[in-house]
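Q: Got a structure for you, questions after.
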Amino acid sequence: MNRLQELWKRLSEAFVKLPGKQKAIAGGVLAVAVAAVAFTLLYSKKSPESLLLQRPLTPEQYAVVTKTLQDMKVSFTTKDDKYVMVKDEATARTVRMKLVQENKMPAGIKGWELFDMQKWTTTEFDRNVNLRRAIEGEMQKHLQSLEWVESAKVTLTMPNRSLYTEKDKPVTAAVTLVPSPGFTELLKDKKVVKGVERIIALGIDGITRENITISDGSGRQINDFTDDEYENHIKQAIEENRIKDRERAKIEDLVRTSLLGVLPADRYKVAVDLELSFDRKQYEQKDILPIVVKPRTPGLAYDDSRVLDTLHVSRKKTKESYKGQGHVPEGPPGQEPNLPPGYKEQVSRWNTYNKDEDIENFVNGEKRTSVVAGAVEIRRKSVSVIVDGDWKKELDAEGKPLTENDGFKRRYIPYPTEDLQKLADTVRGAINYDGGRGDLVVVRNVPFDRGEQFRKEDEAYLKQRRLERTMLYSLLGLIGIFVLSIAWRLIRQEMIRRQRLRERELARQRQMQRDEALRALETDTPVETLSEADKKRMDLQERAEQLAAERPEDVAKLIRSWIAEE
């Protein structure tokens, strides 16, 4: 410190002693030195810029990248209109990721550029490694171009090809996807994952979807669709059964419609079975047709057309003849020709060659048809129809049904055999029968089990008989009660009449006795015996009173008649 102070003191004294012009020059030099030191210090602290892309850009790529960086509001510098630089490597990585997300990354940054320059010392192994790296890089770049993928890692295994294809090991791929923030749920979407799987399968030659493993950042496989395939098989089986049931119902309706009006609905039963194919087929069909030289004249009564199986179009005749010495094919000078023993001696002799051919060309009509078979094809139809005979109730001589064991006595009449054959022909026509396809139609007469029906009929018959008997007995009882009530009423009326007559007779006798007693008391004379006229008058009066008691209506009518006459 003392030395520095002494040095500073000497410099100050020397600077003071300098003239004014030298003082100005010394001050300027000192200022420039201080500025240089300060600039050096500031520049050394500034971080070096980093290239955004390591290879020069074409004018089109340069315009797209710079325009995208301006839209992103990212500060950058350019060099020679081919390179783009940003402030540091971290910024460069972030910008490159955004360019991939927005699908603005120039093509060919990674991948196939490995083959842009090949060295003379490159071996086949190096080429295979570069091929695998190029495919991985291209696929990685392709996956990172998806807007929801932040980063992707692709690893391929490409085993060497074997001489025998059945021993070849398959190409496999392991892919790890890291979604961008806010897009994590897309890894749970089966359609999105299957789409990525399909992109990989189509982008890598020789790989199948079964040999692709896609996992997320945690290592969980997201393309394991084993349960989905099982559910798809179940859904497909359910749909196939539903289609089969629908087709069976259609054929059964056709059979029932064909038998409508021929047999009652309870006299036959129909069973239908189908063999269906759900494979879609496509094939081309070629038909050989005759050639119509002249079509039929319209409106003509007869056919004047001219049809040929084939038509002669051309003919070629060739005749060739050669006679001379043959030539031996020789090799390079000084070398023996590669000829079998004895061939040279035979060729070098005089040879004769003749050729005579006659070629005629004919054409025929043909028709080419491209047929696409539907997904549902009926391979075979089987229809079974069983027909019941007729059950007749046996009758007696009076036309009444016979009974046994508290039921009707019945007799079974089978359905005629010739009518069964007619029914079979009707069913074949209804279902579009094809014997070449193996269709089967069976119509048989089989007695149905009608025990329940017969039991109900017998019970109804017995119930009706019991009801008839009950009604008969009830009617007889009512008639008996009615007769008894009438008889009881007549008897009662007779008893009342006789009682009245006895009472009247007793009252009359008592009245006569009182009258005779009164007359005897009044006259004090013995009672005289009644005359015959009085007895007749009294007898007539008793009969009139008796008639009035027995038949009061008739007496009332008689009295009314007398009154009317008077």
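Q: Would you please name the residue that is nearest to V376 (Cα to Cα), looking only at residues in segment 215-265 that are in contact with a helix residue (DSSP H, G or I) (Cβ under 6 Å, 6 or more places away or on another chain) and open to solvent by less than 80 Å² (accessible area, probe 1.4 Å)?
A: My answer is V255.
Q: Now, a different point. Run down E357, E345, E366, E330 and say which single residue is at negative phi, modelled with pLDDT of 70 or more and either open to solvent by 80 Å² or more (accessible area, probe 1.4 Å) or assigned to a helix (DSSP H, G or I) (or both).
A: The conditions single out E366.
Q: Inside segment 133-155, can you point out the residues that are within 13 Å of A173 (Cβ to Cβ), assigned to a strand (DSSP E or B) and among the charged types (D, E, K, R)?
A: Of all residues in segment 133-155, those within 13 Å of A173 (Cβ to Cβ) come to 135-136, 138-140, 142-143, 152-155.
Within this subset, residues satisfying the condition of being assigned to a strand (DSSP E or B) are 152-155.
Once the filter is applied, which keeps residues that are within 13 Å of A173 (Cβ to Cβ), assigned to a strand (DSSP E or B) and among the charged types (D, E, K, R), segment 133-155 yields only K153.
Q: Which condition does N432 not pass, out of (1) open to solvent by 60 Å² or more (accessible area, probe 1.4 Å); (2) modelled with pLDDT of 85 or more; (3) not in a loop (DSSP other than H, G, I, E, B), if it passes all the others?
A: (3)
Q: Continuing with the same structure: Name the one entry in A35, A31, A14 that is open to solvent by less than 70 Å² (accessible area, probe 1.4 Å), within 30 Å of K87 (Cβ to Cβ) and in a helix (DSSP H, G or I). Even if it seems obvious, please write down each step before you answer.
A: Values: A31 fails: within 30 Å of K87 (Cβ to Cβ); A14 fails: within 30 Å of K87 (Cβ to Cβ).
Unique residue meeting the criteria: A35.
Q: Right, next: Inside segment 397-411, can you point out the residues that are open to solvent by 60 Å² or more (accessible area, probe 1.4 Å) and of a type outside the set (A, V, I, L, M)?
A: E398, K400, T403, E404, N405, D406, K409, R411
Residue-wise test of (1) loosely packed, with under 12 Cβ neighbours inside 10 Å; (2) at positive phi; (3) at pLDDT 90 or above.
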site: E457; (1), (2), (3): no, no, no
site: I479; (1), (2), (3): yes, no, yes
site: F482; (1), (2), (3): yes, no, yes
site: A487; (1), (2), (3): yes, no, yes
site: I491; (1), (2), (3): yes, no, yes
site: R498; (1), (2), (3): yes, no, no
site: E516; (1), (2), (3): no, no, no
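Q: List every residue pair whose Cβ atoms lie under 6 Å apart, where the two residues are 6 or more positions apart in sequence or sit on different chains, the first residue falls within segment 430-453 and is touching a residue at least 40 places away in the same chain (Cβ under 8 Å), and the second residue, located anywhere, is surrounded by 12 or more Cβ atoms within 10 Å (Cβ to Cβ) and among the acidic types (D, E).
A: Y433/D439; F448/D388
Q: Something else now. With the requirement that a residue be open to solvent by 80 Å² or more (accessible area, probe 1.4 Å), under 26 Å from N160 (Cβ atoms) and either among the charged types (D, E, K, R) or touching a helix residue (DSSP H, G or I) at 6+ places or on another chain (Cβ under 6 Å) (or both), what does segment 180-207 give you?
A: D205
Q: What is the residue count in segment 243-272 for residues that are farther than 25 Å from Y415 by Cα and touching a residue at least 12 places away in the same chain (Cβ under 8 Å)?
A: 4
The values are calculated or read from the model by the stated rules, or taken from the named source; none is laboratory data. Predicted model, so just to flag it, every value in this text is computed and none were measured. As a convention, Cβ positions derive from the backbone with ideal geometry for all residues, glycine included, and neighbour counts pool all protein chains shown. Areas reflect the complete protein model, heavy atoms only, side chains present, ligands, DNA and RNA absent. Shrake-Rupley method; radii C 1.70, N 1.55, O 1.52, S 1.80 Å.
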